[in-house]
Structure formats: structure tokens, C-alpha cells
Amino acid sequence: MSSEYDATEFVDTDFQAHKTLTSTAPVGLSPLQPAPTRAEVDLKVTEAQQKLAELRRAQEELERQRAALEETRRRQTEFQTGRGEIIHQITRGLGLLEEAEFSSRRDAEQMAKAIAALREALVKVEAIHEETWTKGNFDVELTKALTAVENARMEWNSTRLKFPVLSGAAQAAATPAEAGDRPAEPLLAQKSYFELCKLGLAMTWPLATVALLALIVLVLVLLRH
């Protein structure tokens with residue numbers, strides 16, 4: 001009579017162990033893959049260091065490019081800002097200079113006319129020679145002299161009002177006796193040109209009256225003769 005059946009008698013235990021190892025091995029690795037050697041590990045470390053060094057060089061190159069671009073942008077901004085500022089300043093300066101030049105040219109023309117008038121008045125006053133007067137022409141020459149002096153004085157006062165530099169020069173050359181009249185200058189400065197002319201006429205009318213009387217006397221004398 002046959003013995004009882006034992007299923008384990010037909011099982012290959014070595015094959016089962018090999019199958020178990022194969023089924024539990026990681027995907028992509030061959031079973032029983034040998035461990036990396038020291039040389040392989042050193043090689044991979046060297047390759048990783050080389051890649052890191054290349055990345056650092058690339059990063060440094062990018063940093064240099066970024067710095068150069070930022071410098072270019074700064075210079076462009078400086079150029080645009082500076083150009084706008086200098087255009088504004090020069091345009092404004094040209095306007096001011098042109099206005100000042102026009103005013104200076106106008107003042108120079110007026111000053112040239114004043115110089116010519118003062119020179120003419122000076123020549124007329126200097127041309128008066130009292131030693132040449134005679135008893136017969138005394139009244140006539142005196143009238144002419146007073147008229148020339150008065151005209152010169154009016155021309156001088158008018159010129160002083162137009163050009164303050166003359167008032168400054170006159171004040172610097174004033175004597176101590178004339179210094180007492182300085183408090184009246186601010187009052188005169190507040191008056192208009194027309195008012196000053198009226199004031200000058202009021203101050204000089206006695207001389208004009210004397211000259212007119214002398215002229216009348218001279219005419220009467222001539223008529224009698």
C-alpha cells in the first residue's frame with residue numbers, strides 16, 4: 001500500500017529562493033549588481049565637482065553681464081536726465097542773456113547820447129571867457145553865459161536821474177559841507193522825472209528871471225541907439 005502524498009517533495013527550494021530574490025530586486029537594477037568601486041565613486045565625485053565649477057563660472061559670467069547691463073542702464077538714465085537739465089538751463093540762460101543784452105544795448109545807446117550831450121554842454125561852458133567881455137557887450141555875454149550854464153546844469157541833472165552811477169560818483173566826490181544835504185536824496189528818489197523837472201525849474205527860475213530881465217534891458221538899450 002502506497003504512502004501518503006507529500007507536496008513538499010516536488011518543490012525545488014533553491015529555485016524558490018532565487019525567484020524570491022528576483023521578484024524583490026529594485027526596478028532597473030540587475031539582480032546581484034555589484035557595488036560601486038572606490039574609483040567609480042571618486043570619478044562621480046570629480047564629475048559632480050566639475051559640473052559645480054562650470055555652474056559657478058556660468059553664474060559669475062551672468063553676474064558680470066548683469067552688472068554691465070545695470071551700469072549701461074545707469075549711464076543711459078544719467079545721460080537722459082543730464083541732457084534734459086542742461087537743455088533747460090541753457091535755454092533759460094539764453095533767454096536771460098538775450099534780455100540782458102537788449103537792455104544793455106538800449107542803455108548803451110542812451111548813455112552814448114547822454115555822453116554826447118554832456119560833452120556839448122561842457123564845450124559850451126568852457127568856451128565862455130570872461131576876460132574877453134567888454135563894457136559894451138557885458139550884458140549880452142553874461143546872458144549867454146548864464147544860459148549856457150543853466151542848460152548844462154539841466155542836462156547834468158537829467159543825466160544823473162537816468163544813470164545812478166553818476167549819483168554815486170557825485171556822492172563819493174562830495175565835500176563835507178555837501179554831505180549835510182544827503183538826507184534829502186531819498187525824498188528826491190521817490191519823485192517822478194516830471195516832478196523832478198518841475199522842482200528843478202522852481203529852483204532855477206530866479207536865474208532865468210535875471211537872464212530874461214537882462215535880455216529885456218539889452219533889447220531896450222539897442223532900441224534906444
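Could you give the semi-axes, largest first, of the ellipsoid that matches the range 35-116, computed as the square roots of 5 times the alpha carbon gyration tensor eigenvalues and rounded to whole Å?
77, 8, 4
Arrange the peptides 55-64, 111-120 so that the one whose residues have, on average, the most other Cβ atoms within 10 Å appears first.
Order by mean packing, descending: 111-120, 55-64.
Considering the range 89-164, what Rg and Dmax in Å follow from its alpha-carbon atoms?
That works out to 20.3, 73 Å for Rg and Dmax.
Read the figures in this text as sums done on the coordinates, not as results from a lab. Keep in mind that this is a model prediction, so the values were computed, not measured. In this analysis, Cβ positions are derived from the backbone assuming ideal geometry, glycine residues included, and neighbour counts consider all displayed protein chains.
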